[in-house]
Amino acid sequence: VRGFTALSQEADSAKVCAFIEKIFSQFSTIVYEHKGTVEGYFGDAVFAFWEHPDEGSADRAMWACQAAISQLYCVPRIHSKLTDQGLAIPPLVLGWGMTTGRITLSHYGTRSSDLALVGDCVNLAFRLSSMANKTLTAPIVMCRHTASLVTQKVPLVDLGNQKIRGRKGVERLFGIELK
């Protein structure tokens with residue numbers, strides 16, 4: 001959510017909580033509808049993954065794209081509901097980052113529910129989400145590998161080679177072309 005830190009600084013914490021709860025609730029439902037799993041919520045972000053060994057990588061990448069598009073298209077409705085409830089917030093601007101790759105699932109911490117996903121693609125996804133709709137014009141940004149899996153079904157725009165903060169070299173990035 002772009003501008004979330006400023007909103008948190010200026011608004012009452014109960015209003016901020018109601019705001020983010022609406023987004024998390026709607027976005028989580030969309031993830032589940034598209035065969036994904038919500039790993040957790042981090043500040044203003046929903047972290048989801050698609051890990052289904054019985055299906056191919058292309059199917060998982062497609063489900064993730066469909067979920068992101070559905071989430072993007074429900075943002076005006078969420079904003080309208082929040083405004084109707086008296087939360088004076090600017091129009092919502094969000095960013096999504098998607099990658100495909102191998103990860104290790106582990107448990108950190110003392111609770112069995114403390115699931116952790118570790119891998120380069122996880123780190124890259126977080127970096128891409130921070131660039132989407134911010135330093136890059138596309139709201140949904142993906143790595144080259146994910147793009148190669150969905151290019152026949154999803155209209156993409158080539159965002160070129162981009163330097164990613166904290167990473168060596170450049171990454172070829174793509175955005176979903178929205179109509």
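Calculated [222 nm] ellipticity per residue, helices only, for the chain: -13500 deg cm²/dmol; basis is -39500 (n - 2.57) per DSSP H run with n ≥ 4, divided by all residues, nearest 500. Computed from Cα positions, the angle between helix 13-33 and the longest principal axis of the chain comes to roughly 40 degrees. Among the protein heavy atoms of segment 104-179, carbon and sulfur supply 51% of the accessible surface, probe 1.4 Å, non-protein parts ignored. Averaging the sequence gap over all C-alpha pairs within less than 8 Å and six or more residues apart, then dividing by the number of residues, gives the chain a relative contact order of 17 percent. When 51, 10, 171 are compared by accessible surface with a 1.4 Å probe, the order from highest to lowest is 10, 51, 171.
For segment 28-82, what % of the accessible area comes from carbon and sulfur atoms, probe 1.4 Å? The value for segment 28-82 is 52 percent carbon and sulfur by accessible area. Shape index of the chain: Rg/Rh, with Rg the Cα radius of gyration and Rh the Kirkwood radius from the inverse mean 1/r over Cα pairs, equals 0.96.
The residues of the chain expose on average 57 square angstrom of accessible surface per residue, using a 1.4 Å probe on protein heavy atoms. The residues 157, 38, sorted by heavy-atom accessible surface at 1.4 Å with ligands and nucleic acids left out, run 157, 38 from largest to smallest.
The alpha-carbon positions of segment 5-48 define a convex hull whose volume is 55 Å³ per residue.
The values are calculated or read from the model by the stated rules, or taken from the named source; none is laboratory data. Computed from a predicted structure; not experimentally measured. In case anyone asks, the SASA skips ligands and DNA or RNA and just uses the protein heavy atoms, side chains included. Shrake-Rupley method; radii C 1.70, N 1.55, O 1.52, S 1.80 Å.
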